[in-house]
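Reading through the structure tokens given below for one structure.
No lab work stands behind these numbers, since they all come straight from the coordinates. As the structure is a prediction and not an experimental result, all values here were calculated from the model. So basically every Cβ, Gly included, is an ideal-geometry build from the backbone, and we count neighbours across all protein chains shown.
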Amino acid sequence: MTDLPLANQIALVTGASRGIGAATAKALAAAGAHVVLTARTAKGLEEVESAIFDAGGSATIAPLDLTETDSIARLGLAIGERWPQLDIMVLNAGMLGSLTPVPAIDAKELAQVLTLNVSAQAALIAAFDPMLRKSARARVIGITSSVGRTPRAYWGLYGASKAAFEVLVAAYGEEMERISNIRTAILDPGATRTKMRERAYPGEDPASVKEPAIVADRIVTLVQEDFPTGHFERV
């Protein structure tokens, strides 16, 4: 498999049990990377892992609730003991929350969304920073939403969390640019056929939006490119 573009690279994909995360994990593995899959749903991860193995790829599953930040630190230590570096990290996991007017946002739900969409992402970067620094060309890809940059009525909760997430990833990239080979990028997948999209747009025909595999293919291409840190694009 040494002729594959991502051979001998280690990748971590969060939210990898379905949707864009699952498609990205499969695409990275097909390109030769060994992919560490993490999500809350063990069954979903096992199905993705089996699909990767059946296609001739390699993967390791790590069922994990990212809202338990102590578990993220333990995951970082466990992966660090097995592999010397992390070459690709795709921060895909996220929570939509309720689509509601800003004055009606529930404080408890706000805390839950910010914990997963922001705090857990900071914990992931902290846990894997040592491994990313050891890579010859580490790439960190953050999956965002258009509402993180363009406010939309009733999307304030999710949009605010994505805006914070984007700043977090971009700031990390700026910090690492001159002292490491780490480069960060933000990718907005646009309208994609996922469970989150289905929940947000219940009356939409799923066939009218693109499949997650299209986004996954772009991510695989992007991690091979020499993009400047802070890169942003919409699929």
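Tabulated results
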| read-out | value |
| --- | --- |
| Unit charges on C-beta of K, R, D, E only; dipole of the stretch 1-124, Debye | 100 debye |
| Value of relative contact order over the stretch 84-235, rounded to a whole percent, pairs C-alpha under 8 Å and six or more apart | 26 percent |
| Share of pairwise Cα separations in the stretch 29-93, more than 16 Å, in percent | 49 percent |
| Inter-label distance for Lys195 and Gln224, nm, one decimal - labels placed 7 Å from Cα along Cα-to-Cβ | 3.1 nm |
| Cα extents of the stretch 1-67 along the three principal axes, largest first (Å) | 37, 21, 17 |
| Spacing of the two label points (7 Å from each Cα toward its C-beta) at Ile105 and Asn181, in nm | 4.0 nm |
| Whole-Å semi-axes of the ellipsoid equivalent to the chain (Cα gyration tensor, √5λ, descending) | 27, 20, 17 |
| For the stretch 30-167, diffusion coefficient by Stokes-Einstein and Kirkwood Rh (Cα), 20 °C, 1.002 mPa s, µm²/s | 131 µm²/s |
| Backbone HN-Hα couplings from phi across the stretch 184-200 [Karplus 6.51/-1.76/1.60, Hz, Gly and Pro as x] | 10, 9, 10, 10, 9, x, x, 5, 9, 6, 10, 5, 5, 4, 4, 5, 6 |
| Dipole of the stretch 58-190, positive direction: furthest Cα of Leu110, Thr67, Gly173, with charges on the beta-carbon | Gly173 |
| Sum of side-chain charges, Glu49 neighbourhood, beta-carbon under 12 Å (Lys, Arg +1; Asp, Glu -1) | -1 |
| The stretch 128-140 - phi-based ³J(HN,Hα) in whole Hz, Karplus 6.51/-1.76/1.60, Gly and Pro as x | 9, 3, x, 6, 5, 5, 7, 6, 6, 7, 5, 10, 10 |
| Environment charge at Phe165 (Cβ cut-off 14 Å; Lys +1, Arg +1, Asp -1, Glu -1) | 0 |
| Length added when fully stretched, Asp205-Tyr154, from 0.36 nm per residue minus Cα-Cα | 16.2 nm |
| Distance between modelled label sites at Ser50 and Ser98, nm, 7 Å Cα→Cβ extension | 3.7 nm |
| Translational D in µm²/s for the stretch 175-219 (Stokes-Einstein at 4 °C, 1.567 mPa s, Kirkwood Rh from C-alpha pairs) | 102 µm²/s |
